[in-house]
Amino acid sequence: MQAIIHILKTQGDDIVRSIGQHIGLSLISLLIAAVIAIPLAILLMNHKRSANVMLQITSVLQTIPSLALLGILIPIVGIGTVPSIIALVIYAVMPIFQNTYAGLTTIDPNLEEAATAFGLSRRMKLFRIELPLAMPMIISGIRIAMVMIIGTATLAALIGAGGLGTYILLGIETNNNALLIIGAVLSAILALVFGAGIDWLGKLSFKKAGLVLLTLIVLIGGFAGYRKIASPATDITIAGKMGSEPEILINMYKDLIEHDHPNMQVTTKANFGGTSFLFKALKSGSVDIYPEFTGTVLESLVTGQKSASHNPKTTYKVAKNALKSQYQMAYLKPMQYQNGYDLAVTKPFAKKYNLKTISDLIAVEDQIHAGFDPDFHQLKDGYPGLSKTYGLKFASAKTMEPSIRYKAIANGKVNLVDGYTTDPEVQEYHLVVLKDDKHFFPPYQGAPLMTEKLLTDHPELRTTLNKLAGKVSTTDMQKMNYKVTVKHEKAAAVAREYLKSHGLLD
């Protein structure tokens, strides 16, 4: 509870902004879905075969995984709000269409005949008889769509659209239950508030409900238009993956660029998601720069490359040349630290058995009970390859989620875990990272990745961002990650503090 209160105090403005983003995404998507689905159901109410085809289509669209849909949309419409709204609308159309069609086609035939006998026109019968009688079903469909939208909108954070999903995803990524609870509870509250609003709407007459919806459309459309006009033009968009470390790096890039080039407007998009999302956004031009690691480039982005060399300089050179030849991308000089795999033990355990390197584990391998990330446990550059290179065979090795393994070693459930060299938990739990004395793990140095076109248009970026080349040690990054993840300091402030203390900013 203390952690939650601290976050609410220190990040109150950001949370309010995220709530606003979530409400905006949800309302716009719900209104667009209603505008599409309700008229469509009215149009097809007397065409059963066509209506069934439409129901099948909307059902199939709803089965597409949301992450896959967002990945498909990025190369087409870019990142941010637009692809998020498109995805949410696709998911919301089916329940509204289905309920509206069901409500319109299950009206008592006697009432339909009576309306015809009284000489009501098709239009009058629709607005005076059919829609009012179908209203409870329509409202029910809108309520179902609303709950679906608010839940799915949390994934919008993966492509830079913001919202409460930022806190949920970041909480999972950093094992921060306080962030997770804040995002989840506020999302649930939004669902309750929206539900109450829809219930109130259902009690109004059809005419008044339509007027309210029209007013909302005008207000939201006008506000969105105003924000578009009022927001300053952006020259450079810098994005980062999930977690504290990428957010620190993109703020370093931003500060250096704006310091050296005051006329250049830079926008950052933190906690953007995974490698595939960012790389697609970079290729489509939705993002201009993002920090990427040399090992990740060779393992995941480029084709036709063998396993990464254990020489950092060689790995960087190969990654740089492959990116240029295959994607026409520029990869600037890397920083000093590496965010690669490591093995860690507690200080008492290391002291008891004099453990300093991974080779030292051979003497106590029958006493090692490890907790590994599922990927590390299975991939060739993880435990299988490690055990072969070092000749290790631990007493036991359990797989567990990344966010759990550090708690497991802190609670004595395991005595060895895998991790990343810059994880803040190393400092938080006072762990000892064992030296990879046989250089098994490939190098993972971070460096700015951008298109060749951007560097051609702005050659000055090379000099500016290369100021970080060879800077930021592993210890430096561990400390900065600790401040952001554990102490809940703002990444922008931590990044600026580092740049100033190392003479990179005035």
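May I ask you to list the residues in segment 379-406 that are surrounded by fewer than 20 Cβ atoms within 10 Å (Cβ to Cβ), in a helix (DSSP H, G or I) and within 24 Å of the chain's Cα centre (by Cα)? Scanning segment 379-406 gives 403, 404.
Taking the conditions exactly as written (in contact (Cβ under 8 Å) with a residue 24 or more places away in the chain, in a loop (DSSP other than H, G, I, E, B) and buried (at least 18 other Cβ atoms within 10 Å of the Cβ)), does residue 426 satisfy them or not? When the stated conditions are applied, residue 426 does not pass them. Residues considered: 388, 333, 356, 313. Of these, the only one that is farther than 21 Å from residue 422 by Cβ and charged (D, E, K, R) is 388. Filter segment 87-134 for residues that are of a type in the set (Val, Ile, Thr) and in contact with an Asp or Glu (Cβ under 8 Å, 6 or more places away or on another chain); which is nearest to residue 46 (Cα to Cα)? So the residue we want is 107. Between a first residue in segment 247-276 that is on the phi < 0 side of the Ramachandran plot and buried (at least 19 other Cβ atoms within 10 Å of the Cβ) and a second residue that is hydroxyl-bearing (Ser, Thr, Tyr) and modelled with pLDDT under 95, which pairs have beta carbons less than 6 Å apart while being 6 or more apart in sequence or on different chains? Close Cβ pairs (under 6 Å, with a partner that is hydroxyl-bearing (Ser, Thr, Tyr) and modelled with pLDDT under 95) amount to 250/268; 254/268.
In the condition set (1) assigned to a helix (DSSP H, G or I); (2) among the aliphatic types (A, V, I, L, M); (3) in contact (Cβ under 8 Å) with a residue 60 or more places away in the chain, residue 287 is compliant with all but (1). For segment 297-306, state whether one or more residues are in a loop (DSSP other than H, G, I, E, B) and farther than 30 Å from residue 441 by Cα. No, every residue in segment 297-306 fails to be in a loop (DSSP other than H, G, I, E, B) and farther than 30 Å from residue 441 by Cα. When you check residue 470 against the structure, is it under 24 Å from the mean Cα position of the chain (by Cα) and within 25 Å of residue 316 (Cα to Cα), yes or no? Answer is no for this residue. If you go through segment 472-487 and keep only what is farther than 20 Å from residue 504 by Cα and either crowded, with 22+ Cβ neighbours inside 10 Å or hydroxyl-bearing (Ser, Thr, Tyr) (or both), you end up with 482, 484, 485.
Out of everything in segment 490-506 that is free of Cβ contacts under 8 Å to residues at least 40 places away in the same chain and over 12 Å from residue 255 (Cα atoms), what residue ends up being farthest from the chain's Cα centre (by Cα)? I'd like the intermediate steps shown before the answer.
First pass over segment 490-506, keeping only residues free of Cβ contacts under 8 Å to residues at least 40 places away in the same chain: 493, 497, 500-503.
Keeping just the survivors that are over 12 Å from residue 255 (Cα atoms) gives 501-503.
Values: 501: 31, 502: 31, 503: 33 Å.
It comes out as 503.
Scanning segment 96-138 for residues that are polar (S, T, N, Q) and in a helix (DSSP H, G or I) yields 98, 99, 100, 105, 110, 116.
The values are calculated or read from the model by the stated rules, or taken from the named source; none is laboratory data. This is a predicted model, so every value here is computed, not measured. With ideal geometry, Cβ positions are generated from the backbone for all residues, glycine too; neighbour counts draw on all protein chains shown.
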